[in-house]
Amino acid sequence: MTNNPPKTLTQNQAITILKSLGWRIRTAGEYRQALAHFQGGWNLGPALKVDAKLGPFTSAALRISEARRRAGLPTASAHFSFTEVRCKCGGRYSTCARIWFQRGAFRELERYRKSLGSGISIISGCRCRGHNRAVGGASQSRHMAGDAADFAPVRPVSWFATRNLFRGRGWNKSPGTHPVRHGDLGPRRQWMYG
Ligand SMILES: [Zn+2]
């Protein structure tokens, strides 16, 4: 037989990989949560079913991400890694799930990067409730929903609008240019900071 079905990882193997990809796993509940968040964000192949179960497709996806990590390549999508969008609280808040960035948001970052024609450095991705409060984020910030990113402000809002990039766009107060520094997939809206 040459057409063997993909092998399912053991739970311990999956935990080791999820940890190396950036999650914190201390309990069975955190393992299931991390697995579901991995499934919901992974963008290196067809969408995974988000069921927090370790089947053959999720196992194959974990193997791909881990092989890419070892090779120094991005682990979540073609150009972005899970660790780049991890909550920056550093695990200070005990309930922080660390990484819950959504597949659609990774796709939008890829679209942005392609339009820009150069790399994007992510300043802020996921934010747990405690960290969002600590940094003075909006009470309903999309960073808490895992579909928002802050990045260096290099293009004006008109540039984003023309390309239909991100539904929510925020920019710093700077006369004339309005370079966008926040993009999200929440309700369609635009606003100015400060
Ligand atoms: Zn956090």
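Hey, does region 148-160 have a residue that's of a type in the set (Asp, Glu), in contact with a strand residue (DSSP E or B) (Cβ under 9 Å, 6 or more places away or on another chain), within 16 Å of the ligand (Cβ to nearest atom) and under 30 Å from Thr27 (Cα atoms)? Checked against the condition, which is being of a type in the set (Asp, Glu), in contact with a strand residue (DSSP E or B) (Cβ under 9 Å, 6 or more places away or on another chain), within 16 Å of the ligand (Cβ to nearest atom) and under 30 Å from Thr27 (Cα atoms), region 148-160 yields no hits at all.
Can you confirm whether Trp100 is within 30 Å of Pro179 (Cα to Cα) and assigned to a loop (DSSP other than H, G, I, E, B)? Taking the combined requirement at face value, the residue satisfies it. From the residues in region 31-51 that are open to solvent by 30 Å² or more (accessible area, probe 1.4 Å) and of a type outside the set (S, T, N, Q), which one is nearest to Phe106 (Cα to Cα)? Out of the qualifying residues, it is Leu44. Tell me which residues, restricted to region 116-132, are within 16 Å of the ligand (Cβ to nearest atom) and open to solvent by less than 60 Å² (accessible area, probe 1.4 Å). Scanning region 116-132 gives Ile122, Ser124, Gly125, Cys126, Arg127, Cys128, Gly130, His131, Asn132.
Scan region 70-92 for residues that are out of contact with any Gly (no Cβ under 9 Å at 6 or more places or on another chain) and either within 17 Å of Leu35 (Cβ to Cβ) or outside any loop (DSSP other than H, G, I, E, B) (or both) and the total you get is 1. Any residue in region 81-99 that is more than 16 Å from the ligand (Cβ to nearest atom) and either on the phi > 0 side of the Ramachandran plot or open to solvent by less than 60 Å² (accessible area, probe 1.4 Å) (or both)? Yes: one or more hits. Of all the residues in region 138-194, those that are closer than 24 Å to Phe82 by Cα, touching a residue at least 40 places away in the same chain (Cβ under 8 Å) and of a type in the set (D, E, K, R) number 4. In the set Ser59, Ser65, only one residue is of a type in the set (Gly, Ala, Ser), open to solvent by less than 50 Å² (accessible area, probe 1.4 Å) and touching a Lys or Arg at 6+ places or on another chain (Cβ under 9 Å); that residue is Ser59. Within region 136-194, the set of residues being touching a Leu at 6+ places or on another chain (Cβ under 9 Å) and acidic (Asp, Glu) comprises just one member, Asp147.
The values are calculated or read from the model by the stated rules, or taken from the named source; none is laboratory data. Fair warning: this is a prediction, and the values are worked out from it, not measured in the lab. A quick note on method: Cβ atoms are made from the backbone with ideal geometry, for glycine too, and the neighbour counts reach across all protein chains shown. Surface areas here come from the heavy atoms of the whole protein model, side chains and all, with no ligands, DNA or RNA. Shrake-Rupley method; radii C 1.70, N 1.55, O 1.52, S 1.80 Å.
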